[in-house]
Structures are given as structure tokens and as C-alpha cells.
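The structure appears below as C-alpha cells.
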Amino acid sequence: MDTRRELSLDGRTVALHIRRHRQARRMNLRLDPKGDGIVLTLPTGTAEREGLSFVEAQAGWITARLAAQPPPRYIVDGAVIPLRGVDHRIAHRPQARGAARGAVWVEDGRICVAGAAEHLSRRVTDWLKAEARRALSQRARDKAAALGRPVAGVTVRDTTSRWASCSADGRLNFSWRLILAPDHVLDYVVAHEIAHLEELNHGPRFHALVEKLTDHRAPAQAWLRRHGAGLHQFTGAPPGAPRGRAAE
């Protein structure tokens, strides 16, 4: 179970998320990619007080990294967000004729959202996740078919440490934020995971399979190195903004 605490650094209150991981061999400290403070990962047997002492010793590093961290980009009316690598402006259309309540659709370079304003951030985020699930599932099944391999299931999550993963039983997990990236990046990440259906390693045969499944390995890797962290800037409504219920 995660624990949340608050730290005071140079007069600034910072959220500290303490997580335990049974595979962790040492304490690890990193910025939360969503912009919500810092994350301390502890091995199962490490006392929390030891972790807090470690955090205090790293106060200078934390302050410097927080200062350099780009600000969050909120998914709100008027904001510009990428969809498949192309910028779109979010447009609230509360009285859109013929639109179902809460509908989200793309029109003339805009992501349009019907319904009440307080639901906009959640609805756009849910819609992006659904678009990611649809695109990634189809691409994964197409590439798996080329290898004659079954896909046990495809899920999308708000992962922060990796873009995708493949389990030994053929279940694929992807970051929904891949729908924000250009299509060649999505294509490469899917190819990478589908190759793991045959090779659960990163050896020569694995890399040969990736090259067989996509033409975009090198440019996609370069794009992710340059722009991947920026995809985690996009988040829901600003703190304190009205938040609608799960359904109107």
C-alpha cells in the first residue's frame, strides 16, 4: 500500500509518495512524472524512517529537480494537446446540436466535448484512453497475426516507468499516453511488445523480430528520448477545479 506524506522544502510543500516493491533491492527516489511531488520506493524490509532519512539527505537534489521540472499541462477547455502527434485544441461544446450528452469527437483540428464543463477534463481523458485501447489493440493483433501468435489481452494504463510490457502468458499492457505520440512511435512500441511473444529477452533474435514488424525503430526511439517525458505533462483538471461525478 502506498503512503502519502508532505515535505517542506525551501518553504514549498511537496507531496511524498512512499511505495514498497518486493523486487526493489535498494531505496530509489524520483520525480512523479505526473507532477505530483516525488516518489520514494522502498524494499519490502526497509523501515519507513530509514527512507525518510534518505529523502532528507537528498533535499538539495529534490529541490533542483523540482525547479527544472516542466509544469503540468492540464486537459481543460482551450488547451492544446497532441493526438497521434498532431496538436488539437480542446473545445467545450455544451449546446452542440445532435451531440449526445458527454460526447467527445474530433472536428477541424479540435477535440470537441459536449455536456457540463466540470466533466470536461475527465471525459477527454477517458476518450483518449478509449482511443488508445482501440488503436493499440488493433495494431497488436495485426502484428501478432503476422507472427502467428495469439494475444491474450490488451490493457491500457497510466504507467510512468515504461511505455509497455508483455507478460509470459501473452498479455500486453500499454501506456494510454502513446495515443498522444506520432503513429510511427505507437507502431514501434507495439512491435517491440509483440516481438516479446516469441522472445522474452532483448537478444539478437528479438531485435530481428522488431525490425521485421516495424520500419520505425530508430526514429521512434529517438522521438521517445527527445519527447517522451513531455507526454507525462498532460494531466486532468488543475488542483481545486470542480470535478464532476462519474456520470451526470
Query raised in the report: Given (1) farther than 30 Å from Pro182 by Cβ; (2) modelled with pLDDT of 95 or more, where does Pro82 come up short, assuming only one miss?
Result: (1)
Report task. Just one of (1) outside any loop (DSSP other than H, G, I, E, B); (2) touching a residue at least 24 places away in the same chain (Cβ under 8 Å); (3) more than 21 Å from Ala229 (Cβ to Cβ); (4) not small (Gly, Ala, Ser) trips up Arg101, so point out which. Result -> (1)
Report summary line: Reported set for the range 25-54 where residues are surrounded by 15 or more Cβ atoms within 10 Å (Cβ to Cβ) and among the aliphatic types (A, V, I, L, M) is Met27, Leu29, Leu31, Ile38, Val39, Leu40, Leu42, Leu52
Report task. Would you confirm whether any residue within the range 97-107 is out of contact with any Lys or Arg (no Cβ under 9 Å at 6 or more places or on another chain), over 24 Å from Arg134 (Cα atoms) and of a type in the set (D, E, K, R)? Result -> yes
Requested in this report: Would you check if Thr125 is farther than 22 Å from Pro182 by Cβ, within 21 Å of the chain's Cα centre (by Cα) and not basic (Lys, Arg)?
Outcome: no
Query raised in the report: What are the pairs, 6+ residues apart or on separate chains, where a residue within the range 222-236 that is under 19 Å from Pro71 (Cβ atoms) has its Cβ under 7 Å from a residue that is outside any helix (DSSP H, G or I) and at pLDDT 95 or above?
Result: Leu231/Ala181; Phe234/Ile75; Phe234/Ile81; Thr235/Ile75; Gly236/Ile75
**Report entry** Residue count for the range 25-78, restricted to those that are in a loop (DSSP other than H, G, I, E, B), over 28 Å from Arg177 (Cβ atoms) and hydrophobic (A, V, I, L, M, F, W, C)
**Finding:** 1
Query raised in the report: Out of (1) over 23 Å from Ala208 (Cα atoms); (2) of a type in the set (Asp, Glu); (3) free of Cβ contacts under 8 Å to residues at least 40 places away in the same chain, the odd one out for Asp142 is which?
Result: (1)
Query - Residue in the range 1-47 that is farthest from Tyr74 (Cα to Cα), counting only those that are under 20 Å from the mean Cα position of the chain (by Cα) and among the small types (Gly, Ala, Ser) - result: Ala15
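Quick grid of which residues meet (1) within 20 Å of the chain's Cα centre (by Cα); (2) surrounded by 13 or more Cβ atoms within 10 Å (Cβ to Cβ); (3) outside the structural domain of Val80 (by TED's automatic domain parsing):
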position	(1), (2), (3)
Gly148	no, no, yes
Asp158	yes, yes, yes
Phe174	yes, yes, yes
Gly203	no, no, yes
Thr214	no, yes, yes
**Report entry** the range 21-72, residues that are closer than 21 Å to Asp10 by Cα and of a type in the set (Ser, Thr, Tyr)
**Finding:** Ser53, Thr63
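The values are calculated or read from the model by the stated rules, or taken from the named source; none is laboratory data. Note that the structure is predicted; figures quoted are calculated from it, not measured. Every residue, glycine as well, gets a Cβ built from its backbone with ideal geometry; the counts of neighbours run over all protein chains shown.
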